[in-house]
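Some notes on the structure that comes next.
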Amino acid sequence: MPVAEIWYRNTAWSADIADHFFDKLAGARSSRDQYLAIQALTLCKNEPEVTLDLANIFFDSRNSDFEVCRVLFARGQAFETLRQPEYAREAYEAGLVFIDNARSEGRHLSDWGVRSALPLLIVRARMEQHYERALELCANSTAGLIFPAARFLHYGCRGLLLIALGQPDAGFDSIAIAYAAAAEDDSGLQYHRGAGLVDEKYAWLLDRLDEAKNMMPACD
């Protein structure tokens, strides 16, 4: 397997690639944490076990807090790839605890997506014991829903959670917003009209919304 042109963005992994990566990493100084974080996240879908190994290396040797949340997000994504949702949930929760503590201390660090990844995981894996937690996160994460896909995911998950928690009217209203977002075919960005649209990778949520809609009581 060839080494990536950018040595810390390999999309595959082998003994040779690992040797090259760690040789380069050994010479890195101030950016070492960033290189580990980027490589861990880049591999979370194709080589999730490697992502977990890199995350462990990061936490054993990190120089600062700046990349902590990104690595926890990568760890959660890797566990999702491995179909271990409880471990993924724990990684995302750890990220939220870290970022909330940092912000309470006046440090405004990126959450790298853990705040939206957690409710999505809970809904997708049908982790019913955590539905209230997921709904709480949805209620506090309405900012930044610029793209249709972001609105679709947010309102779709929120609707399913509300229905499951005994609030069907509000749930179906939220699902209607999700369907509207799924139907959008223009991002509204002048030079990126197709960016952030709902596509086939969101089929699982569309199927779940269709299931819910089919259970909706008929109007008299």
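The values are calculated or read from the model by the stated rules, or taken from the named source; none is laboratory data. In this text, all values refer to a predicted model and were calculated from it rather than measured experimentally. Cβ placement follows ideal geometry from the backbone for every residue including glycine, while neighbour counts extend to all protein chains displayed. Calculation scope for accessible area: heavy atoms of the full protein, side chains included, ligands and nucleic acids excluded. Shrake-Rupley method; radii C 1.70, N 1.55, O 1.52, S 1.80 Å.
Here the Karplus curve 6.51 cos²θ - 1.76 cosθ + 1.60, taken at θ = phi - 60°, turns the phi angles of region 120-132 into couplings of 4, 4, 4, 5, 4, 8, 6, 8, 4, 5, 10, 4, 5 Hz, with x standing for Gly and Pro.
Normalising the Debye intensity of region 94-204 to I(0), with uniform scatterers on Cα atoms only, and taking log10 at q = 0.23 Å⁻¹ returns -1.25. Modelled spin-label separation between Ile146 and Ala176, with each label point placed 7 Å from Cα along the Cα-to-Cβ direction: 2.9 nm.
List the GluC sites (Glu not before Pro) in region 53-115 that DSSP assigns to loop (not H, G, I, E or B) and whose Cβ has at most 14 other Cβ atoms within 10 Å. Which are they? Mind showing how you got there, number by number?
Details: sites: Glu67, Glu80, Glu86, Glu90, Glu93, Glu105; in loops: Glu67, Glu105.
Answer by residue number: Glu105.
Apply the a/c threshold of 1.5 to the C-alpha gyration tensor of region 79-121 and tell me whether it is rounded, prolate or oblate.
Details: a/c = 3.28, a/b = 2.52, b/c = 1.30.
Cα axes put region 79-121 in the prolate bin.
Note on Leu206 and Leu82: the model spin-label points, each 7 Å out from Cα along the C-beta direction, lie 3.2 nm apart. Estimated at the nearest 10 Å², the accessible area of Phe98 is 40 Å² with a 1.4 Å probe. Per residue, the chain exposes 55 Å² of accessible surface when a 1.4 Å probe is rolled over the protein heavy atoms with every protein chain present. Could you tell me the distance between the Cα centroids of region 48-80 and region 179-201, to the nearest Å? Centre-to-centre distance over Cα atoms comes out at 31 Å. Given (i) 1.37; (ii) 1.83; (iii) 1.14, which label gives Cα Rg over 2.2 N^0.38 Å as computed from the coordinates? Given (i) 1.37; (ii) 1.83; (iii) 1.14, the calculated one carries the label (iii). Within the straight-line cut-off of under 18 Å between alpha carbons, the lysines reachable from Lys201 are Lys45, sequence neighbours fewer than 8 places apart in one chain being disregarded. Students often get this wrong: which residues of region 122-143 have the backbone nitrogen under 14 Å from the point 7 angstrom along Cα-to-C-beta of Gln167? Hits in region 122-143 for Gln167 at 14 Å: 131-142. Only Cα pairs under 8 Å and 6+ residues apart enter the sum, and on that basis the relative contact order of region 11-77 stands at 36 percent.
Just the protein heavy atoms count here, and of the accessible area of the chain at 1.4 Å, carbon and sulfur take up 50 percent. The C-alpha radius of gyration of region 18-84, expressed as a fraction of 2.2 N^0.38 Å, stands at 1.04. Among the chymotrypsin sites (Phe, Trp or Tyr not before Pro) found in region 131-206, those both in a DSSP coil and sparsely packed, with 16 or fewer other Cβ atoms within 10 Å of their Cβ, are Tyr191.
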